[in-house]
Amino acid sequence: MGMSKLMKSLPFRLVLGVAIGIIAGLIANESFMNLVVTLNYIFGQIISFCVPLIVIGFIAPSITKLGKNASRLLGVALILAYTSSLGAALFSMAAGYTLIPHMSIQSAVDGLRSLPEVVFKLDIPPIMGVMSALVFSVMIGLAATWTKAVTVTKLLDEFQKIVLEIVQKMADLVANTFGVEEGKRMGMPGHQEIELALMKLYEETGKESYKELAKYFIDERGCGNRNYFLEEMKQKDVKRIFPELNDYRPEYSQSHLPVRKQRTAEGHAVRAVYMYAAMADIAAEYDDEELLGACETLWNNMVHRRMYVTGGIGSSGILERFTADYDLPNDYNYCESCASIGLAFFARRMMQITKKAKYVEVMERALYNTVLAGIAMDGKSFFYVNPLEVWPPSCMERTSKEHVKSVRQKWFGVACCPANISRTLASLGEYIYACEKDTIYVNLFIGNETQITVGEQKVHLSLETDFPWKNQFKINVSGVKESVQLAVRIPEYAQDYKIFCEGREQFYKEKDGYAYITCEKNGRYEVQFVSEPRFVRANPKVRADEGKVCVMWGPLVYTVEETDNGENLQALYIDTAKPVKKSEKEEFPMLIAAGKRICESGWGEEELYGSHPLEFAETEITLVPYAYWGNRENGEMAVWLKEYLSDRNNK
């Protein structure tokens, strides 16, 4: 019986496992060991993911069972644990200094004679990364829904209340610190993000002080002699965190003028669109026509003079900022992923206020191109900067292109973009639909299923689609007890737009880019339209794109890559007299265009300049969606191509 207990004990099994491992390592062949190492890695990854969840699952409930004395017991336990760890460290150090000098390990003694800077160090790494947290959230949410786990759902609700309470405490501190009231400080944020957060917090809690503080921050910005940032710069003890801001100009932070008097999109692009989105929120909440007018003015300047065809914004890598009207360079622009997300924020709010589809057109352009390009297809790497033209050898450090990367990066020192992209993709429901009174607006054609409260009724909608590859989709509407209006966007690129219900074509009223139909009962609607690949040209005032075209299909901008077209993409000319064809390849939804390539024959290796006449060779040009570029091989990329016009000019 004693031997049986010994064999079942953990120490015996550990020793046995080590022995078996040593023997297997001595006699096993390479293939077997490769399998063992692979399985070990896979199980290690699974365990690494599960351990934090197991800890949370056991520790958190145990703490709740401690009752009213939990804080005291935990405090005592923490003191004991820390004292024990510190004592063990000090004892080990003392023993080392006492014993090691008498041992024959002189080099180690030398290393121990200097006291360490830190006696005891406790590293607490994050439980999980951003993507793991997202996956876990989706998994637990779906599991709770599928299994109708009431307890888990209540637990998640309670956890949300806890987080909300903590957030409110922080917001209250800010609200009690800043403002025009006596005893408060004048000030405003350098990076306009808190205004949006305060408005969301007001929507969630109904607490007036949050929206009033957001309005204060917006109203105070850029106000004359009391410009907060300029006054702050005059202080002797001012800390300059970023060297590039030593020559600070108020335009950088959109504080050069009061926001209602600003007419052009200036400064840091992300800060700008986050502020514009907050301005739209405040204009809607306070019914402020003047502020809404400023939003429309800034929108028009940005979208019609300072935005890239991909929905990117920010022309300069220096200070990541807007520059001048029509200054849209392709190979050293910035177009931060977060800037296009902020543009989508702004667009969504303007649509909700005005119910005009023109704002959704820009929102869709930004989401389908720059935002999607910001994350690799495997979800493991990201673009911070989104150029429209790349020649990898020229993207060198300490040059005007040092910010441009030809491959996505695993992470960044300032890692706002990866998390922002993940958050945006997880909240697409806010962009797909909008609702007001008895009308449901369908903005984006993305497959989904949802329930929307319209008046006293809960309307269930599901959207079945293969958009943008197929320009038809089905909208199933159920739960209709009273008349509901459905407003489906008519894209600017759509032709022959039609709506059917149960196979019968429906009459619709068109207004501001939406097709309005009345749903008296449950129904299955089918929307279809025609959209073919098209050539797009820039305003002639855009110097960088003069004489060039790009290809779009629906909301997607297409681009050429070295992988399909060889090196030196600037030698390509696209023939716009011939139609673009859809490729049969399955790797990417590609397009094929007819074109020409400048021949290099006749040029010597040592000849940089010469008088050789231009010679062209026929070629086919392969294009892929801009959102997909850089997912295969590192190489050149270009959105805009020179337009071939020679044949038409000779006629």
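The values are calculated or read from the model by the stated rules, or taken from the named source; none is laboratory data. Everything numeric in this text was worked out from a predicted model, so none of it was measured. For neighbour counting, all protein chains shown are included, and Cβ atoms are generated from backbone atoms with ideal geometry for every residue, glycine included. Accessible surface areas use protein heavy atoms only, side chains included; no ligands, DNA or RNA. Shrake-Rupley method; radii C 1.70, N 1.55, O 1.52, S 1.80 Å.
For Glu251, state whether it is at pLDDT below 95, in a helix (DSSP H, G or I) and under 27 Å from the mean Cα position of the chain (by Cα). Answer is yes for this residue.
Residues of segment 170-200 that are aliphatic (A, V, I, L, M) and closer than 30 Å to Leu319 by Cβ: Met170, Ala171, Val174, Met186, Met188, Ile194, Leu196, Ala197, Leu198, Met199.
Yes/no per residue for (1) among the basic types (Lys, Arg); (2) more than 23 Å from Leu328 (Cα to Cα); (3) surrounded by fewer than 20 Cβ atoms within 10 Å (Cβ to Cβ):
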{"position": "Cys550", "(1), (2), (3)": "no, no, no"}
{"position": "Ala577", "(1), (2), (3)": "no, yes, yes"}
{"position": "Gly595", "(1), (2), (3)": "no, yes, no"}
{"position": "Glu606", "(1), (2), (3)": "no, yes, yes"}
{"position": "Glu618", "(1), (2), (3)": "no, yes, yes"}
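The residue pairs whose first member lies in segment 590-618 and is without any contact (Cβ under 8 Å) to a residue 40 or more places away in the chain, whose second member is surrounded by 11 or more Cβ atoms within 10 Å (Cβ to Cβ) and of a type in the set (S, T, N, Q), and whose beta carbons are closer than 7 Å, counting only pairs six or more residues apart or on different chains, are Met590/Ser583; Met590/Thr622; Ile592/Ser583; Ile592/Thr622; Arg597/Thr619.
Could you grab me the full set of residues in segment 465-488 that are part of a strand (DSSP E or B), more than 14 Å from Ile432 (Cβ to Cβ) and not small (Gly, Ala, Ser)?
Gln472, Lys474, Asn476, Val477, Val484, Gln485, listed by residue number.
The residues listed here are Arg260, Arg271; of these, the one that is of a type in the set (D, E, K, R), open to solvent by 10 Å² or more (accessible area, probe 1.4 Å), in contact with a helix residue (DSSP H, G or I) (Cβ under 9 Å, 6 or more places away or on another chain) and touching a residue at least 40 places away in the same chain (Cβ under 8 Å) is Arg271.
Among the conditions (1) touching a Ser or Thr at 6+ places or on another chain (Cβ under 9 Å); (2) surrounded by 15 or more Cβ atoms within 10 Å (Cβ to Cβ); (3) of a type in the set (S, T, N, Q), the only one that Asn522 does not satisfy is (2). Every condition in (1) of a type in the set (D, E, K, R); (2) within 23 Å of Tyr332 (Cβ to Cβ); (3) in contact (Cβ under 8 Å) with a residue 60 or more places away in the chain holds for Glu546 except the one numbered (3). What about Ser601, is it assigned to a loop (DSSP other than H, G, I, E, B), of a type in the set (Gly, Ala, Ser), modelled with pLDDT of 90 or more and open to solvent by 50 Å² or more (accessible area, probe 1.4 Å)? In short, no.
Looking only at residues in segment 316-353 that are assigned to a helix (DSSP H, G or I) and without any contact (Cβ under 8 Å) to a residue 60 or more places away in the chain, the one that is most open to solvent (accessible area, probe 1.4 Å) is Glu320. Restricting segment 458-478 to residues that are polar (S, T, N, Q) and over 25 Å from the mean Cα position of the chain (by Cα), the residue that is most open to solvent (accessible area, probe 1.4 Å) is Gln472.
Would you be able to say whether some residue in segment 397-418 is more than 27 Å from Ser531 (Cβ to Cβ) and in contact with a His (Cβ under 7 Å, 6 or more places away or on another chain)? Checking segment 397-418: not a single residue is more than 27 Å from Ser531 (Cβ to Cβ) and in contact with a His (Cβ under 7 Å, 6 or more places away or on another chain).
Looking only at residues that are farther than 30 Å from Met396 by Cβ and among the small types (Gly, Ala, Ser) in segment 317-365, which one is nearest to the chain's Cα centre (by Cα)? Filtering segment 317-365 for residues that are farther than 30 Å from Met396 by Cβ and among the small types (Gly, Ala, Ser), the one nearest to the chain's Cα centre (by Cα) comes out as Ala344.
Counting the residues of segment 179-236 that are open to solvent by less than 40 Å² (accessible area, probe 1.4 Å), part of a loop (DSSP other than H, G, I, E, B) and either closer than 19 Å to Ser253 by Cα or in contact with an Asp or Glu (Cβ under 6 Å, 6 or more places away or on another chain) (or both) gives 9. Whenever a residue of segment 500-528 is without any contact (Cβ under 8 Å) to a residue 24 or more places away in the chain, its partners that are open to solvent by 90 Å² or more (accessible area, probe 1.4 Å), lying with C-beta atoms within less than 7 angstrom and at least six residues away or across chains, give the pairs Glu502/Arg524. In segment 406-457, the qualifying residues are those that are open to solvent by 40 Å² or more (accessible area, probe 1.4 Å) and in contact with an Asp or Glu (Cβ under 7 Å, 6 or more places away or on another chain), and the one that is modelled with the lowest pLDDT is Gly455. Condition test on Asp287, is it within 26 Å of Lys200 (Cβ to Cβ) and either open to solvent by 10 Å² or more (accessible area, probe 1.4 Å) or free of Cβ contacts under 8 Å to residues at least 40 places away in the same chain (or both)? Taking the combined requirement at face value, the residue satisfies it. Apart from one condition, Trp391 fits all of (1) surrounded by 13 or more Cβ atoms within 10 Å (Cβ to Cβ); (2) within 26 Å of Ala347 (Cα to Cα); (3) aromatic (Phe, Trp, Tyr); the exception is (2). Flag: Pro589 matches the condition of being open to solvent by 10 Å² or more (accessible area, probe 1.4 Å), under 30 Å from Met363 (Cβ atoms) and not in a strand (DSSP E or B).
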